[in-house]
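Every number here is computed from the coordinates shown, using simple stated rules; none is lab data. These numbers were taken from a predicted model, which means no experiment stands behind them. For neighbour counting, all protein chains shown are included, and Cβ atoms are generated from backbone atoms with ideal geometry for every residue, glycine included.
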Amino acid sequence: MYRGDQVVEIRVHGVSGTPPEKVLGEEPLDPQVAGDDEARFFRRRSEVVASGRRPRTVEALHWGRFTSGSPSRALWLVMVPFALVNLARYTLLLPRAGNMSRAGTVADGVLRLLGLVLTLMLTATVAYVSLEVVVNQCLGKEACVRDNRWLAFLDGRGAGLPVLLGVVPLGLLIVMLWWFGRMSFLHDPPGEDGPWQRPTGDFGDPAFWHSSPKAPVLRAMHVAASCVLTGILAAGALDRVLSALLAVPGVLLLLVLAVVVVIGPDSEYVGDVNDPLRVPEPLRRLRWACVVYAVIAVGATVVLLWKVPPAGDRRLGFEVATNFLAVAALGSLVVLVVCCWSLKRSKTGKAFFTPPAPFRPMFRGYAAVVIAVVGTTLATGFSGGLAFWTANFIGKPVVDGEAPAEVVSCRCAEATIELSTSYWTAALLWGALLVALVLGLGGLLAWQRVKWRRDKLPEEVEGDYPGSAPSARTTGKVVNRWRWALLKYRYHWGLGMLALLGGALVAVNGVIVLIRMFPKWRSRPPFWLDGAFSTFGQLGAWVASATLAGLLFIGLRSWQGQKMRTAVGVVWDLIAFWPRLAHPICPPPYGGRTALLLKRRVEHLVSKDKVEVVVLSGHSQGSVVCTAVVRLIGPDRRSKVRLVTYGSQLQWAFARLFPTYMGYAEMKEMYAELRGRWRNIHRWTDPLGGPVLTWPASGAEPHPTISTWTLLAKGAHDIRFVDPVTVGGDEAVTPRSAMRGHSGYYLDPRFDDQVADLVEQPPAT
């Protein structure tokens with residue numbers, strides 16, 4: 001039992017999953033004092049005493065198993081296009097209270113529609129590879145079967161059995177989508193679920209951290225849409241009359257599903273977040289109707305083609321489907337741009353641009369467009385790369401409807417595989433994207449290096465160590481770490497450049513495939529695939545495939561090594577923290593599980609153990625979790641809470657990307673609720689963390705050479721730690737300490753003093 005006057009500090013690590021013994025600075029550990037097998041609270045055996053102040057007990061919340069420790073994380077990274085669409089929803093400039101405006105409602109629906117388009121794009125690509133490239137074209141050509149002996153057992157059989165086997169990968173994909181969609185959380189949040197208090201969601205609402213009211217419906221509709229598209233594309237193997245008869249009801253079902261997704265009705269059921277019965281009864285019937293349609297369409301096709309030999313010619317259904325999805329993605333992004341423009345010009349939107357520059361919305365209010373474009377670009381590239389290399393593996397890829405002129409070298413001398421225009425142009429434009437991106441980033445880096453030569457950082461570094469002049473070599477190392485760490489204020493430039501080039505890719509691809517839908521233009525040779533242009537197609541296919549393989553590699557490496565987990569941490573923070581609201585098939589959110597468990601621990605300490613002061617001590621993403629807990633706990637308990645953040649991205653990343661949830665107004669409100677008892681600690685060598693409660697008076701980006709700073713509120717404390725703590729000349733007696741950058745804040749000698757000062761700090765008036 002704790003003493004009544006005891007102070008408890010709860011340290012919350014970031015996504016790197018720092019072991020609790022390192023967080024507490026003590027090992028071996030005593031058994032955990034609270035939590036469960038996944039989120040564990042450990043307590044330091046000895047109390048911490050700083051400068052004769054009151055002793056405090058230190059606990060560590062270890063929640064690293066939510067974001068690390070499983071190879072399934074690699075598979076979720078492959079679905080990053082879906083996660084980016086979901087992330088884009090939270091960057092919209094929406095009102096904090098009241099109903100959403102018409103533009104906000106439309107933007108919300110458009111993002112859900114774009115998410116459905118990307119799901120169908122994945123389904124269409126798998127169907128194209130299995131049913132069109134392998135089953136229809138390769139089996140219909142003697143040379144292709146001869147060169148691909150693994151298909152020999154199907155040689156001479158009717159087209160029915162190959163179609164049935166070609167549907168198997170689609171069935172596995174649908175099962176995967178259904179299963180991943182049911183994984184609402186890696187681990188269920190504690191407490192009871194309920195309806196959201198606000199349409200947009202709120203950090204202070206426990207229901208926000210439990211689940212999205214739209215997620216069950218979206219999951220069911222995405223799976224149903226994949227089933228319908230599978231039936232339509234399978235039926236495309238029949239003659240035009242039968243194919244049209246089977247396709248018409250499928251198209252109508254897709255339209256109904258699209259309307260349901262755009263409207264996004266809330267589920268009426270609350271309870272177990274993994275209960276599939278959360279979908280309302282009418283929509284469950286619609287889902288089963290789609291499944292039945294897919295079974296009938298596939299079954300009829302298999303039966304009617306059981307003894308019919310493969311044709312080997314291209315089917316128009318795939319061309320229409322893939323091209324239509326490319327155009328639909330472009331149209332959704334155009335509408336989203338208009339919605340963001342309208343939101344920015346609204347009264348609510350203008351209010352987001354009144355705070356100081358370091359807190360204003362990123363990308364001038366178009367962050368949702370930027371992130372959605374990047375997601376669409378990745379999805380387009382992955383689709384094009386998969387189709388291209390499958391065709392290249394079994395034959396010679398050529399553009400659809402053209403003579404079998406060699407476009408890329410291939411081991412097959414005779415067999416040609418005609419690819420849809422959307423896949424060709426996607427691969428080609430990805431090659432151009434790579435060249436432009438490399439040149440653009442190279443130019444930005446060269447410009448930045450020119451600026452570095454004119455800065456005065458060496459003088460600032462020497463000023464940090466007045467009693468011990470660092471050597472020129474040491475100064476140079478520290479200056480380089482400062483310069484590279486300050487690039488975090490330029491990260492969005494690289495993302496913006498990728499979005500700009502990717503947007504051009506999506507736009508050009510959409511226009512080209514739209515033109516190619518008309519028979520007049522389909523008969524003309526596509527000049528962009530001739531001669532030197534084909535090199536970009538090969539390059540783009542390589543880049544898209546390498547990107548997909550790279551995501552798998554990074555995911556597996558992040559499971560095995562802590563350094564890679566830290567490097568991937570920023571992306572994982574953003575895509576896995578938020579509830580599913582725009583796309584139901586993205587990494588299960590961990591934010592609710594962590595925040596609600598920490599809330600319960602704080603309430604237990606204050607109510608049951610009668611602890612006088614609880615210090616929430618959050619590092620990196622842990623600082624975001626701690627701020628959520630501050631909003632979740634009631635005013636009566638909040639008076640006993642103190643907050644210290646370090647290595648935090650709250651100002652430069654979260655406040656700007658998510659102004660509705662973590663913007664300037666929310667931070668000032670939380671500072672007032674804590675009555676000023678919040679301190680932030682940062683280092684100039686930290687590539688992820690930075691100032692939170694202060695910013696340059698000039699409105700410029702934070703920089704070591706700026707002398708005049710503005711406070712979030714009167715008395716705000718933003719403390720900078722010197723890194724390294726000690727330096728010396730070449731013959732210095734004082735031992736040098738290593739630069740810690742983003743880690744080891746609690747190992748700094750000043751850390752305990754800052755926490756002790758915060759505990760004794762009187763409330764602001």
Could you list SER226, SER737 so that the one with the fewest beta carbons within 10 Å of its beta carbon is first and the one with the most is last? SER737, SER226
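Relative to the present Cα-Cα distance, how much length would full extension add between PHE353 and LEU165 at 0.36 nm per residue of separation?
62.1 nm
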Longer than 27 Å from Cα to Cα, which of LYS350/LYS668; LYS488/LYS668; LYS344/LYS451; LYS344/LYS714 are they? Say none if no pair is. LYS344/LYS451; LYS344/LYS714
Per-peptide average of other Cβ atoms within 10 Å, ordering 279-287, 202-210 highest first: 202-210, 279-287
Calculated FRET efficiency for the pair ARG473/ALA97, C-beta based, R₀ 51 Å, to 0.05: 0.35
What lysines sit close enough to LYS608 to cross-link, taking a C-alpha to C-alpha distance under 22 Å and skipping anything fewer than 8 places away on the same chain? LYS599, LYS640
Two-site FRET efficiency, ARG720 against VAL262, from Cβ-Cβ distance with R₀ of 51 Å, rounded to 0.05: 0.60
Packing-ranked peptide list from 241-253, 102-114, highest mean Cβ count within 10 angstrom first, is 102-114, 241-253
Extension gain TRP150-ASP636, at 0.36 nm per residue separation less the Cα-Cα distance, in nm? 167.9 nm
Going 7 Å from the Cα of ARG490 in the Cα-to-Cβ direction, what parts of segment 357-375 have a backbone nitrogen less than 19 Å from that spot? 358, 363
Pop a pseudo-label 7 angstrom from the Cα along the beta-carbon direction at both VAL248 and LYS608 and give the gap in nm to one decimal. 6.6
ILE719, ILE585 arranged by Cβ crowding within 10 Å, fewest neighbours leading: ILE719, ILE585
Report, by chain and number, residues whose modeled amide H sits under 5 Å from the one on GLY35, excluding near sequence neighbours (fewer than 5 apart, same chain). PHE41
Roughly how many nanometres apart are two label points built 7 Å out from the Cα toward the Cβ at SER707 and ARG449? 3.2
